[in-house]
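Values quoted throughout were computed directly from the atomic coordinates according to the rules given, and no laboratory measurement underlies them. The structure displayed is predicted, hence computed values, not measured ones. For neighbour counting, all protein chains shown are included, and Cβ atoms are generated from backbone atoms with ideal geometry for every residue, glycine included.
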Amino acid sequence: MHQNQILTQKVEDTIFTVVDVETTGLNPSYNNIIEIALVKVLNNEIIDVYSTLVNPARDIPYFITQFTGISNDDVYNAPFFEDIVDEITSFVEGTVFTAHNLSFDLSFVRKEFRLCGIDNFKPYQLCTLKMARRLYPELKSKALGKVANHLRIINPEAHRAESDAKVTARILIRMINELKSNNGIKTLEELINFQFNPQSSLRKKVLNEKLDNDLQFLPDAPGVYYFLNSKEQIIYIGKAKSLRERIKSYFSSTAPSKSKKIVKQASKLKTEITNTELTALLLEAELIKIVDPKHNVQLKKYHNKYFLRINKTHPFPNAEITNHFDFDGNDYFGLFINRVKAAQIKEIIDKAFMLRECKDKEFNKGRECFLSEIERCTAPCVNSNSTLYEDELNKVYDFMCGKDKFLLERLLQKMKSYSETQKYEKAAEMRELINLVLSQIQKSSLLSEPINSANALIEISGAFNSKDFCLLLKGKAFIKKNPISTTGGFENALDDYFNETRQLDFMPTEEDLEKIKIILNWIIKNRHQVRVFYLKNYTNREDLYLAMNSTVNNTPVEIQSTFNIKDLIK
């Protein structure tokens with residue numbers, strides 16, 4: 001195809017090859033590729049992937065191994081670059097060479113090509129880092145991880161070539177769609193030229209003059225913001241980690257079309273500062289339900305988070321992994337940030353305890369299975385005595401609550417027994433299981449009590465020593481000093497628990513379920529800002545507050561509201 005024909009072809013008809021390399025160092029003059037991944041993208045889809053380790057013909061520095069996880073042993077039997085150069089050139093031929101910080105990856109690929117006798121590698125080039133600088137000026141860092149987080153794209157294995165390349169490909173797809181929608185970019189030439197355009201900034205001309213006063217002193221603090229029309233009606237409610245940065249993005253030249261539409265219809269802007277981002281999330285969810293603004297959609301669902309469910313609705317409960325949580329009579333532990341973490345816990349339970357692992361269909365056949373023979377199940381399918389099974393189940397609950405002593409003693413005894421009978425593979429399996437327990441991976445779970453019945457006070461630290469407090473009580477969720485609550489639910493719930501007065505209705509609702517999901521989803525990403533206090537460890541409120549204050553030196557700051565929310569939503 002002629003050069004001009006390539007440049008004028010539609011973006012959706014263009015094939016992009018996203019590349020990522022891991023190397024022995026930063027300078028291509030002295031270092032080599034140890035891993036390369038190529039991801040081919042066409043019309044918003046990944047259509048092909050090529051990935052391989054590469055023998056660099058030199059030792060991999062220790063710090064590179066620590067950074068990437070790639071060792072000398074890993075690349076010992078890997079192909080040299082000259083062995084794969086034909087596959088790579090064939091893969092990238094006729095495509096647009098793309099990377100995040102393209103100059104780095106391209107410099108190493110060109111160096112390896114030159115060593116293989118290829119000196120004329122001059123592909124069309126696209127750099128997602130340069131594009132990010134123009135598309136997302138509000139981001140302080142445009143590094144791959146920061147851009148991925150901004151776009152809510154998960155990287156399951158950062159600093160490995162294939163995972164990084166796939167994430168870059170997804171970022172590219174998002175960028176292309178945004179540029180087509182908001183900037184009218186249609187051709188490859190327009191897309192390539194965009195990365196060299198002057199960086200976008202706040203467009204003063206777009207500002208609605210009636211909003212000028214409201215925009216003058218936006219706080220760099222978490223909170224909720226409201227766009228109101230000329231009739232004083234709320235047309236949009238949003239939350240922000242930083243009100244200043246979030247609201248500024250509405251007036252960027254590259255703001256989404258929905259943001260521009262909201263700004264065009266808005267006459268006023270109001271903000272409500274909160275102690276933490278979590279309170280802003282919860283407040284946003286409540287207000288959207290109450291006000292139902294025309295430009296808001298219902299709260300998003302939180303997927304890809306996992307729980308360990310104990311099926312208590314069955315006479316002989318078993319443990320299983322699920323990404324669903326509800327008040328359905330079962331117990332849920334978690335949440336776990338990914339399935340791997342949940343699977344590790346389930347592996348310990350399956351191998352160290354004697355709960356059934358079979359599905360209900362198999363259980364109902366009433367036939368003893370192999371797991372019973374190797375003492376990994378009490379065989380409740382043929383043994384109607386539930387006492388032994390209940391004892392095992394209680395031990396599982398102890399383990400999930402952080403009590404490892406019994407479990408470790410059991411595993412050590414099994415390892416010793418296997419070793420004495422020369423079952424060395426079994427002994428090694430027990431040793432690996434012990435190491436798994438000792439690594440305290442159960443801390444990857446948020447709570448050491450079932451979420452559906454947890455009685456816990458959660459303290460969340462915000463900026464400037466501010467604090468928020470959430471109370472989980474028998475499946476209900478309460479927020480301290482909720483600005484739109486008139487019942488004083490948080491304090492009353494604490495009194496109810498310690499005084500055993502049962503004055504409140506403790507039947508969880510759909511609203512409680514939604515709150516708990518929001519709380520857990522936020523906390524799992526912000527563990528360093530969270531402390532959990534289990535109410536069962538304290539005899540009264542005074543003991544609880546004493547324990548909380550004894551572990552901190554500073555007094556929480558109370559953030560004052562900028563206006564009365566209740567007045568706004570009348």
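Alpha carbon centre of the range 465-481 versus the range 326-340: separation in Å?
The range 465-481 and the range 326-340 have Cα centres separated by 20 Å.
Given Cα pairs under 8 Å that are at least 6 residues apart, what percent is the relative contact order of the range 306-444?
Across the range 306-444, relative contact order equals 20 percent.
HN-Hα J couplings of the range 262-272 from phi, Karplus 6.51/-1.76/1.60, θ = phi - 60°, integer Hz, Gly and Pro as x?
5, 4, 5, 8, 8, 10, 9, 9, 10, 10, 10
Would you mind putting 345-353, 362-370 in packing order, based on average other-beta-carbon counts within 10 Å, highest first?
Averaged packing, sorted descending, gives the order 345-353, 362-370.
What number, in nm² with one decimal, is the all-direction average of the projected area of the convex hull of the alpha-carbon atoms of the chain?
Mean projected area for the chain: 33.7 nm², to one decimal.
Give the relative contact order (percent, whole number) for the chain; include only Cα pairs under 8 Å separated by 6+ residues.
9 percent.
Between their Cα atoms, which of 365/395; 241/517; 312/480; 146/166; 140/341; 268/289 are more than 23 Å away from each other?
Listed pairs above 23 Å: 365/395; 312/480; 140/341.
May I ask you to order 526-532, 134-140 by the average number of other C-beta atoms within 10 Å around their residues, highest value first?
134-140, 526-532
Provide the FRET efficiency to the nearest 0.05 for the residue 58-residue 119 pair, computing r from the beta carbons and using R0 = 30 Å.
Between residue 58 and residue 119 the formula returns 0.85.
Once the Cβ-Cβ distance between residue 312 and residue 542 is put in as r, and R0 is 56 Å, what FRET efficiency do you end up with, to the nearest 0.05?
For residue 312 and residue 542, the calculated efficiency is 0.95.
What percent does the relative contact order of the range 3-194 come to when contacts are Cα pairs within less than 8 Å and at least six residues apart?
26 percent.
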